[in-house]
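Colleague: One structure, pasted below without further comment.
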Amino acid sequence: MKLIIQIPCLNEEDQLPDMLADLPRELEGFETVEWLVIDDGSTDETIEVARRNGVNHIVKLPQNRGLASAFQAGLDACLKLGADVIVNTDADNQYNAADIPGLVAPVLAHEADIVVGDRDVRRSEEFSWLKIRLQLLGSWVVQQASNTDVPDVTSGFRAYSREAALRLVVVNPYTYTIESIIQAGRTNAAIKSAPVRPNPSTRESRLFGSMWGYIRRNALTILRVFAAYQPLKFFGFLAFILFVLAGVAFLPFLSDWIINGDTSGHLQSIIVGSTLTIAGFQTMALAVVADLVASHRAVSQQVLERVRKLELAASVAPTDYIE
């Protein structure tokens with residue numbers, strides 16, 4: 001059994017040595033433990049620092065493509081390098097490497113395909129009151145969309161089985177955390193959580209410049225993946241709202257007609273109600289089209305999984321692999 005710990009990096013020459021110093025070289029249940037760094041277009045000496053600190057493998061992306069792309073490139077490389085289990089962690093050392101055994105244990109016991117580290121954000125001293133509430137709200141929305149009970153959906157400290165990594169496809173350019181849980185949940189992958197202890201922050205997150213930027217980007221991500229993976233519910237709810245608004249708009253005209261028998265007035269009410277009714281039917285049609293697209297996406301994922309297995313059988317080298 002081989003474990004590969006992958007670390008997406010962007011200009012992490014200062015953080016990387018301390019982070020790597022805590023990673024295990026040996027772990028019960030594995031014959032081999034290796035480290036892989038994905039350099040996402042760094043302009044500093046991230047690669048040189050990784051080499052000096054004993055990293056086994058390096059994938060260098062030619063330019064900055066974002067965390068989700070770096071994560072996906074790492075999974076592809078780990079699979080082609082023969083990993084049976086993959087652990088993803090962050091280069092800023094926010095996760096305690098001593099929790100890796102608990103993270104991989106359910107995968108080794110064949111109890112889970114994916115294990116997500118739970119930071120217990122309710123008790124986090126690093127998060128503000130507002131951020132805790134937003135994290136809990138976001139987790140609840142993702143749980144509804146994915147049919148899972150993962151309590152910390154934005155945690156990047158995760159373990160993946162080989163089969164789970166083969167099936168995973170992330171298309172969101174911003175982050176992989178939310179989409180990967182929804183996708184795994186919709187394909188009935190076994191997902192569990194394990195308690196992890198975050199280390200004290202040494203710098204601000206680079207994924208967002210402000211709290212409102214964090215809210216906006218994560219809200220858009222949740223809406224996007226919800227529309228993609230639950231299109232009938234998403235667009236059906238929008239259509240229901242439009243029909244309700246249409247009924248409210250028609251109400252003055254209908255009440256005057258029923259009570260007074262007068263159908264000569266309320267032209268604005270008729271126009272607005274008719275417009276909202278048409279929009280409601282159009283949204284229902286969009287729901288059907290989106291559901292067909294979602295079905296096609298499921299087939300595409302199965303095709304991609306088969307392509308990956310063929311690449312592994314043919315010993316295709318990892319893309320952008322330099323060491």
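None of the figures in this text is laboratory data; all of them are computed from the coordinates on show. Quantities reported herein were computed from a predicted structural model and do not represent experimental measurements. Cβ atoms come from the backbone with ideal geometry, glycine included; neighbour counts cover every protein chain shown.
Colleague: Count the DSSP beta bridges whose two residues both fall in the chain, then state the antiparallel fraction as a percent rounded to the nearest 5.
Modeller: Expressed as a percentage, antiparallel bridges in the chain total about 30.
Colleague: With +1 on the Cβ of every Lys and Arg and -1 on the Cβ of every Asp and Glu, and nothing else charged, how large is the dipole of the chain about its Cα centre, in debye rounded to the nearest 20?
Modeller: 900 debye
Colleague: As a test of the definition: which semi-axes, in Å, follow for the range 1-50 when you take the square root of five times each eigenvalue of its alpha carbon gyration tensor? Largest first, please.
Modeller: Those come to 24, 11, 7 Å.
Colleague: Restricting to DSSP loop positions (anything but H, G, I, E, B) with no more than 14 other Cβ atoms inside 10 Å of their own Cβ, which GluC sites (Glu not before Pro) remain in the range 1-105?
Modeller: Within the range 1-105, the qualifying GluC sites (Glu not before Pro) (loop, at most 14 other Cβ atoms within 10 Å) are GLU26, GLU28, GLU31.
Colleague: In terms of modelled amide H atoms, which long-range or inter-chain residues lie less than 5 Å from the amide H of ASP118?
Modeller: Residues meeting the criterion, in which the H sits 1.01 Å from N, are ALA194, VAL196.
Colleague: Can you list, bin by bin at 20 Å, the percent of alpha carbon pairs in the chain, starting at 0?
Modeller: 28, 50, 16, 6, 0
Colleague: Follow-up. Please go through the residue pairs LYS80/LYS309; LYS60/LYS192; LYS2/LYS80; LYS2/LYS309 and name each one whose alpha carbons sit more than 21 Å apart in this structure.
Modeller: LYS60/LYS192
Colleague: Once Rh for the range 62-167 is found with the Kirkwood sum over Cα pairs, what is the Stokes-Einstein diffusion coefficient at 10 °C and 1.306 mPa s, in µm²/s?
Modeller: Translational diffusion coefficient: 105 µm²/s.
Colleague: Over what distance in Å are the Cα centres of the range 1-47 and the range 253-305 separated?
Modeller: 51 Å
Colleague: For the charge dipole of the range 1-127, defined by +1 on Lys and Arg C-beta atoms and -1 on Asp and Glu C-beta atoms about the Cα centroid, which residue among PRO101, ALA73, LEU10 has the Cα displaced farthest towards the positive pole?
Modeller: So the residue furthest toward the plus end is ALA73.
Colleague: Let me ask you something else. Please compute the Kirkwood hydrodynamic radius of the range 231-301 from all pairs of different C-alpha atoms, in Å with one decimal.
Modeller: Result for the range 231-301, one decimal place: 13.6 Å.
Colleague: Residues of the range 233-272 with backbone nitrogen within less than 12 Å of a virtual label 7 Å along the Cα-to-Cβ line of ILE278, please, listed as ranges.
Modeller: In the range 233-272, the label zone of ILE278 (backbone N under 12 Å from the point 7 Å along Cα→Cβ) covers 271-272.
Colleague: Over all alpha-carbon pairs of the range 1-132, lay out the pair-distance distribution in 10 Å bins, whole %, shortest bin first.
Modeller: P(r) over the range 1-132, rounded to whole percents: 12, 41, 34, 12, 0.
Colleague: For ARG52 and TYR321, what is the calculated FRET efficiency with R₀ set at 22 Å and r taken between the beta-carbons, to the nearest 0.05?
Modeller: Using R0 = 22 Å, I get an efficiency of 0.70.
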